[in-house]
Amino acid sequence: MIAVIVPAHNEAAVIGACLDSLAVAAAHPGLDGEAVLVLVALDHCTDATAAICAAHGVACVPLQARCVGTARDTAAQQAVALGARWIASTDADTVVPPDWLWRQLACGADAFCGVVGVHDWRGYSDAVRIAFTRSEQCRDGHRHVHGANMGFSARAYAAAGGFPSLATGEDVALARALEANGERIAWLAQPQVVTSARRSARAPQGFSQFLRALEEQVGPVPMAGRALRA
C-alpha cells in the first residue's frame, strides 16, 4: 500500500483541488492497481475542511497541535501502522501531477525530494516570480526540500525518527536525518507539484514567508532558494 499524507489547518478553500489531483495520481496505470490511502491530518480545523475530506472519501486524523511537523508525523505514523510501504507528502494548497506517485516509486531510491512551481502569482511582482524561478533550480540534483513534494519508504522514515515536532523546517530536518542514515535520496526535477503563492502563512518561516522575504530582497540580488546544504 502507498500512503499520501496532507497536513491541514483550515484549508477548506483549497483542499478540494488537492484531493482531486491525488485521486488522479492514485489511479495511474503504472501503479498496477496498488491501493493508495490518503490521510489528512486535521490540525485544529474549525472550517469545512473535514466535511470536504469526507465528501472525497479520504481518511482523516484529527489533532490539536497547531504544528505542521506534528501533523505530518501523526499522519505518517498512522500510515506506517496501517501497512504502507511508501509515504508521499504534500500540502493542502498543492496540486500534484498524474504521475506523481508513480515517478516517486520508479526512482528506485529510499526517499524522493522534488521541486515546486507556483500556479498563481497575483499579488507579487514579475521580479519576484523571476527570482523564484531562478532560485528553485528545477533540475535533477537540486538540493531543495519541500514538504509539499517529497516521499520516502516507511522503513527509512521509521529509521530516521519521523518528522520532528517543529512549527517549520520539519521537512529539512527529516531530509537531514535520512542523509545521516545513509539513505539514497533522489533529488529530481520531476515530478513537480504546483502550489499557491498565498500570503496567509500556515507555518512560520514556511513557503509563504520565504516568498515575502524574497519580495523584500529581490532588488539588487535575488535571495537563494530554500535548500538543504550538505
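Each reported figure results from applying straightforward, stated rules to the coordinates on display, with no laboratory input. This is a predicted model, so every value here is computed, not measured. Cβ coordinates were reconstructed from backbone atoms using ideal geometry, including for glycine residues, and neighbour counts include every protein chain displayed.
With both labels modelled 7 Å from their Cα along Cα-to-Cβ, the residue 139 to residue 190 distance reads 1.7 nm. Across the range 38-49, rounded Karplus estimates of 3J(HN,Hα) from the backbone phi angles (6.51 cos²θ - 1.76 cosθ + 1.60, θ = phi - 60°) give 9, 10, 9, 8, 7, 8, 6, 8, 10, 10, 8, 4 Hz, Gly and Pro being marked x. Here's how it looks for residue 37: its modeled amide H is under 5 Å from those of 2, 3, 4, which are all 5 or more places away or on a different chain. When each of the peptides 91-103, 139-151 is scored by how many other beta carbons lie within 10 Å of its residues on average, the order from highest to lowest is 91-103, 139-151. In sequence order, the range 101-115 has phi-based couplings of 6, 4, 5, 4, 5, 6, 5, x, 9, 7, 7, 10, 10, x, 9 Hz under the Karplus curve 6.51 cos²θ - 1.76 cosθ + 1.60, θ = phi - 60°, and Gly or Pro positions carry x.
Translational diffusion of the range 1-40 was estimated from the Stokes-Einstein equation, with Rh taken as the Kirkwood radius over Cα pairs; at 25 °C and 0.890 mPa s the coefficient is 224 µm²/s. Between amide H atoms placed 1.01 Å from N, distances below 5 Å from residue 189 occur with 140, 141, all of them 5 or more places distant or on a separate chain.
Couplings 3J(HN,Hα) of the range 15-22, computed from phi: 5, x, 5, 4, 5, 4, 5, 5 Hz, in residue order, whole Hz [Karplus 6.51 cos²θ - 1.76 cosθ + 1.60, θ = phi - 60°; x for Gly and Pro].
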